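Chemist: Questions regarding the structure given below will be posed in turn.
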Amino acid sequence: METFFQQIINGLVLGSMYALVALGYTMVYGIINLINFAHGEILMVGALVSWTVVSALADSGMPGWLMMLIGLACAVVVCTSLNFLVEKIAYRPLRNAPRLAPLITAMGMSLLLQTLAMIIWKPNPKPFPLLLPTTPIDLGGPVITITQCVILGSTVMILA
């Protein structure tokens, strides 16, 4: 039974991350009526920007939660700017074009962002530093980490 409840927690956390990505897709589609195939790449750029900022601040002596918030703020600024540029340069000129043109452009933007990310950050795995305490919270059998609590809490807030 303990394993069952642990898997429920794991499933809720993973489902929360999927829900946040899906919310982004839904919002973009609702606004510009286009499936933005570059959405995942925008998220990737945000994660890499955050990783870069956190790695640069690693030896500063700041607490992990503060580095996480600074990395998040930088990622939000970069992702917002990048989304604005992609929409302005790639999607807006094709607003009245046949439906296939913006779709192909979205796939092209996806490939372009992947390639640029590989040029800038190199295509090597980059482990994200642990910024929050890793001691699990015992729930009488199953456990949950602070990171999982943050994911669940922020998902609930954003979806509400």
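Chemist: Being open to solvent by less than 100 Å² (accessible area, probe 1.4 Å), closer than 13 Å to N36 by Cα and either in contact (Cβ under 8 Å) with a residue 60 or more places away in the chain or not β-branched (V, I, T) (or both) is the filter here; which residues of segment 95-112 pass it?
Modeler: Those that are open to solvent by less than 100 Å² (accessible area, probe 1.4 Å), closer than 13 Å to N36 by Cα and either in contact (Cβ under 8 Å) with a residue 60 or more places away in the chain or not β-branched (V, I, T) (or both): A101, P102, L103, A106, M107, G108, M109, S110.
Chemist: (1) part of a helix (DSSP H, G or I); (2) open to solvent by less than 50 Å² (accessible area, probe 1.4 Å); (3) not aromatic (F, W, Y): which one isn't true of V156, the others all being true?
Modeler: (2)
Chemist: Shifting gears a bit: Which members of segment 113-132 meet the condition of being open to solvent by less than 100 Å² (accessible area, probe 1.4 Å), more than 20 Å from M17 (Cα to Cα) and in contact (Cβ under 8 Å) with a residue 12 or more places away in the chain?
Modeler: L113, Q114, A117, W121
Chemist: Could you list, in sequence order, all residues of segment 9-31 that are closer than 21 Å to G141 by Cα and exposed (fewer than 11 other Cβ atoms within 10 Å of the Cβ)? Quick ask: steps written out before the conclusion?
Modeler: Step one: of segment 9-31, the residues closer than 21 Å to G141 by Cα are 9-14.
Correct list: G11 only.
Chemist: I've got another one for you. Would you pick out the residues in segment 133-151 that are of a type outside the set (G, A, S) and either open to solvent by 90 Å² or more (accessible area, probe 1.4 Å) or part of a loop (DSSP other than H, G, I, E, B) (or both)?
Modeler: Going residue by residue through segment 133-151, those that are of a type outside the set (G, A, S) are 133-139, 142-151.
Selection gives P133, T134, T135, P136, D138, L139, P142, T145.
Chemist: Separate question: Condition test on T3, is it among the polar types (S, T, N, Q), within 20 Å of A117 (Cβ to Cβ) and either outside any helix (DSSP H, G or I) or open to solvent by 60 Å² or more (accessible area, probe 1.4 Å) (or both)?
Modeler: In short, no.
Chemist: Can P102 be described as at pLDDT below 90 and assigned to a helix (DSSP H, G or I)?
Modeler: Answer is yes for this residue.
Chemist: Kindly indicate which of L48, L111, L72 is more than 23 Å from V150 (Cα to Cα) and either modelled with pLDDT of 95 or more or in contact with an Asp or Glu (Cβ under 7 Å, 6 or more places away or on another chain) (or both).
Modeler: L111
Chemist: Collect the residues in segment 26-75 that are of a type in the set (D, E, K, R) and either touching a residue at least 24 places away in the same chain (Cβ under 8 Å) or closer than 20 Å to I158 by Cα (or both), keeping them in residue-number order.
Modeler: Answer for segment 26-75, where residues must be of a type in the set (D, E, K, R) and either touching a residue at least 24 places away in the same chain (Cβ under 8 Å) or closer than 20 Å to I158 by Cα (or both): just E41.
Chemist: Checking the condition touching a Gly at 6+ places or on another chain (Cβ under 6 Å), within 25 Å of C74 (Cβ to Cβ) and buried (at least 16 other Cβ atoms within 10 Å of the Cβ), which residue from V54, V49 passes?
Modeler: Details: V49 fails: touching a Gly at 6+ places or on another chain (Cβ under 6 Å).
Answer to the check: V54.
Chemist: Quick one: is L34 touching a Pro at 6+ places or on another chain (Cβ under 8 Å), under 20 Å from G108 (Cβ atoms) and aliphatic (A, V, I, L, M)?
Modeler: Yes; evaluated as a whole, the condition is true for this residue.
The values are calculated or read from the model by the stated rules, or taken from the named source; none is laboratory data. Here the structure is a predicted model, which is why all the values come from computation and not from measurement. Here Cβ is always computed from backbone atoms with ideal geometry, including for glycine, and neighbour counts include all displayed protein chains. What goes into the accessible areas is simple: the full protein's heavy atoms, side chains included, and nothing from ligands, DNA or RNA. Shrake-Rupley method; radii C 1.70, N 1.55, O 1.52, S 1.80 Å.
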